[in-house]
Every structure is written in C-alpha cells, then in structure tokens.
Amino acid sequence: MMKKIQGAIVINEERCKGCALCVETCPFGLLQIAVRKVNTQGYPYVEQTNETDCTGCANCATVCPDACISVYRKKVL
Amino acid sequence: MTREEIIQSENLVMAKPRLMNDTTMHYCPGCSHGVVHKLIAEIIEEMGLEEKTIGVCPVGCAVFAYRYLDIDWQEAAHGRAPAVATACKRLWNDRLVFTYQGDGDLACIGACETIHALNRGEKITVIFINNAIYGMTGGQMAPTTLVGMKTSTCPYGRDPELHGYPLNITELATHLEGTAYVTRQSVHNVMAIRKAKAAIKKAFTNSMNGIGSNLVEIVSTCSTGWKKSPVEANKWMEDNMFKFYQIGDLKDVRR
Ligand SMILES: Cc1ncc(C[n+]2csc(CCOP(=O)(O)OP(=O)(O)O)c2C)c(N)n1
C-alpha cells in the first residue's frame, strides 16, 4: 500500500542538548544522538537516521524541552 | 516527494512557539521547565494574550524565565510571587497574571504567600513545578521530597522521624474556599503534555474570566538533582512520584 502521509523534521542542532527524550519518543525509532559530534554549547545533538519513514506525527517536537524540532507534514496524493 | 517539497511553511505542524525567543535556555538537558515554558508560550499565543500577560518569576531554576518568553515579566523575591501577582492583577484587572514557581519557592519559603493568595481567591494562576528537590542550589531536600528519597541533604533518604512528612500543598489548596481549579499534571510523555496544556489553558481562561485562583501543579523531573539521565528520571518519576502525587483534576468549581 502506498504511504499517504510524508513528514519531515528540521533540527536546530545549536539549541539541542542531547537529552534523548525525542529518541525515546519517536514511534519509528528514526532519531539518534550523534556520535562524537557536539554543538557550540558542547552538547551532543540529535539527528535523524531515516528520513523516508517519518510521518510528521510531531511527538519528538512535543516532548523536546528546548523546542529544537520543527515538524512538517504533507499528504501524498 | 522530496524533502524540499515537504519543508514548506504551509506544511508546518509544529515549531518553536513564536513567543519563545532564540536565547538558548540555561536548563539542563531534559528539564521539565523547558516543556512547560513551551506550553505557556503556545497557550498565550492561542488565546491572543501576547500583549496582556504578566508572568511572575520565582527564585529557583526558573529565575531566568523572563529571558525566554516575550511577554511582560516581574521578578519576585524568593517565594513572594503570589503576593506580587496579587498586586499586578489588582492594578491591571484586564491582564492575565500568572506565577511560575518551583516547589522550594512555593511550598517552603513561599508557603504562606501561596496559601493566602489562593485562599483570598485572587484571580491568578499559579504554575507549580514540583521536582521534589531544590534544583538550583544543588538538590537539597524540599518540603515535597518523598519519604525515603535521597537528596544531597538527606543522603540516607528522607526519614519522617527526623525530617517530617512531605507536604502535599496541592491537596491542601483544594480545601481553600478561594480556589476554583486545582489540578496536578505532568509532562513526561506526549499524552501527559497534551493534558497539561489543556489544564493550563483552563486555568488561564478562569483567570481571565475572574473565576477564583487556579493552581496547576506539574510533577516534574530534575535529572541533574536526581543524578539520573532524563529518560531514567521520567521512569523514576512514574514509578515513585505518581504514587504520592497522583495525576488528575483535584477540584473544579465549574464542573
Ligand atoms: C531568601 C533566599 N533564601 C534562599 C535562597 C537560595 N535559593 C535559591 S534557589 C533555591 C531553591 C529553589 O528551588 P525550587 O523552588 O524547588 O526550584 P527549582 O530550582 O527546583 O526549579 C534557594 C533555596 C535565595 N535565593 N533567597
């Protein structure tokens, strides 16, 4: 069956503190804390490992305490 | 469909609230304060009260809340936020006035102000972030610390014989004539965050409509103070805090 909804997220890596609450929350396990990469705050930050399976459910952005994630969602016709 | 086609302003479903500015917050990774700040910003925006809101900051980790949300703020001395909020609301009756306080601020040094402001039925909302310790000063025991819970000032666990019992101030507030809406929420997962948002919105609506004083407790984590990772802290909160601090509406005069 064809997927009907496609999502995408944009992560503000500079605001991220790598708390990993979003990693825990993503229903598809599409996020991870970057390995051996830190931002200018000195924190490891989150990155999306798989872009195609994102549905734009916005769970990651909802739990993010630092409001680093923007979520986009589009219906596929 | 390419990523560029999805990332268009008309497809945006969630982003940093407009009222939250670009200053990076000083809170530790995973701190509940950030989530609650976000909810407050979203609600004020949804209610169209950007120019009509006065927040009162506490002393505690949230002391710098005024740096993060673009609304009017007043800083209060430790525990005195409800007294300052009383003055603001009485002087500017058409404003949304809320305090934002930690458990050390609200339930210890400010217990008197809190109880009296709520009992007088001031038309304000008190947002109470309960992480069961003094977060900012190094994780000391607070009145809200659970029996048996280890903190930097009770390293063998809170002993009621020596330290007394935890103070359930939200429960206490339900017995005060002046309170209209008293609720206890948390922000540890998506469902809880949605419910907490609805609760804060209801409290703000009551305050704007001049209906009693409103208390929203948010049972929170302090991963640094509890010496846990943010994910572990959430788990610990679910297993331990929720037994004593049960989630749900405790009083709602309008129901
Ligand atoms: C009059 C006064 N007494 C003590 C302090 C020290 N102090 C600063 S923050 C704080 C505790 C705040 O804890 P809480 O309200 O639980 O907020 P949190 O930091 O956990 O968010 C204390 C005791 C102070 N600043 N002023």
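The values are calculated or read from the model by the stated rules, or taken from the named source; none is laboratory data. Here the structure is a predicted model, which means the values were calculated and not measured. A quick note on method: Cβ atoms are made from the backbone with ideal geometry, for glycine too, and the neighbour counts reach across all protein chains shown. The accessibility values were calculated without ligands, DNA or RNA, using every heavy atom of the protein model including side chains. Shrake-Rupley method; radii C 1.70, N 1.55, O 1.52, S 1.80 Å.
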request  = Jot down the radius of gyration and Dmax of chain B, Cα atoms only, both in angstrom.
outcome  = 18.0, 65
message = Can you sort B:Thr151, B:Thr23 by solvent-accessible area, 1.4 Å probe, largest first?
response = B:Thr23, B:Thr151
query = Mind checking the dipole of the protein assembly as shown: about its Cα centre, +1 per Lys or Arg Cβ, -1 per Asp or Glu Cβ, Debye to the nearest 20?
reply = 460 debye
note = If exposed means trypsin sites (Lys or Arg not before Pro) lying in a DSSP loop and surrounded by at most 14 other beta carbons within 10 Å, then the longest stretch of chain A lacking such sites spans residues A:5-77
ask   = Roughly to the nearest percent, how much of the accessible area of chain B is carbon and sulfur, given a 1.4 Å probe?
value = 53 percent
key: Cβ-based net charge around A:Ala20, under 14 Å, with every Lys or Arg adding one and every Asp or Glu removing one   = -1
message = Could you work out the percent of alpha carbon pairs in the protein assembly as shown separated by over 26 Å, rounded to a whole number?
response = 48 percent
inquiry  = Taking the Cα centroid of the stretch B:66-101 and of the stretch B:103-125, what is the distance between the two, rounded to the nearest whole Å?
reply    = 13 Å
request  = Please give, to one decimal in nm, the separation of the simple spin-label points placed at B:Lys52 and B:Val13, each 7 Å out from Cα toward the Cβ.
outcome  = 3.2 nm
inquiry  = If you roll a 1.4 angstrom probe over the protein chains with everything in place, what fraction of the accessible area of the stretch A:4-76 belongs to carbon and sulfur, to the nearest %?
reply    = 50 percent
For chain B, calculated [θ]222 nm from helices alone, where every DSSP H run of n ≥ 4 adds -39500 (n - 2.57) = -9000 deg cm²/dmol
note = Relative contact order as a percentage, chain B, C-alpha pairs under 8 Å and 6+ apart, gives 18 percent
key: Approximate spin-label separation A:Thr52-A:Thr40, in nm, with each point projected 7 Å along Cα-to-Cβ   = 3.6 nm
task = Would you mind checking A:Lys75/B:Lys251; B:Lys38/B:Lys89; A:Lys17/B:Lys123; A:Lys74/B:Lys235; B:Lys89/B:Lys228; A:Lys74/B:Lys52 for any pair whose Cα atoms are more than 30 angstrom apart?
result = A:Lys75/B:Lys251; A:Lys17/B:Lys123; A:Lys74/B:Lys235; B:Lys89/B:Lys228; A:Lys74/B:Lys52
query = To the nearest 100 Å², how much accessible surface do chains B and A hide from each other in total, with a 1.4 Å probe?
reply = 2700 Å²
task = Mean Kyte-Doolittle of at least -0.5 plus a Cα span of 20 Å or more along the axis: flag which DSSP H helices in chain B meet both, please.
result = B:32-47, B:190-208
key: Computed over the stretch B:167-217: relative contact order in percent, which uses C-alpha pairs under 8 Å that are six or more apart   = 46 percent
inquiry  = Accessible area per residue for the protein assembly as shown in Å², computed with a 1.4 Å probe and the full protein assembly in place, what is it?
reply    = 44 Å²
ask   = What is chain A's relative contact order, in percent, from Cα pairs under 8 angstrom and six or more apart in sequence?
value = 45 percent
query = Counting Lys and Arg as +1 and Asp and Glu as -1, each charge on the Cβ, what is the dipole of chain B about the Cα centre in debye, to the nearest 20?
reply = 340 debye
note = Answer in debye to the nearest 20: the dipole magnitude of the stretch A:4-76 about its Cα centre, from +1 Lys/Arg and -1 Asp/Glu charges placed on Cβ, is 200 debye
query = Given labels modelled 7 Å from the Cα in the Cβ direction, how far is it in nm from B:Ser229 to A:Val10?
reply = 3.0 nm
Convex hull of the stretch A:4-76 built on C-alpha atoms - directionally averaged projected area, nm² = 4.3 nm²
key: √(5λ) per eigenvalue of the Cα gyration tensor, the stretch B:139-217, largest first, Å   = 31, 17, 8
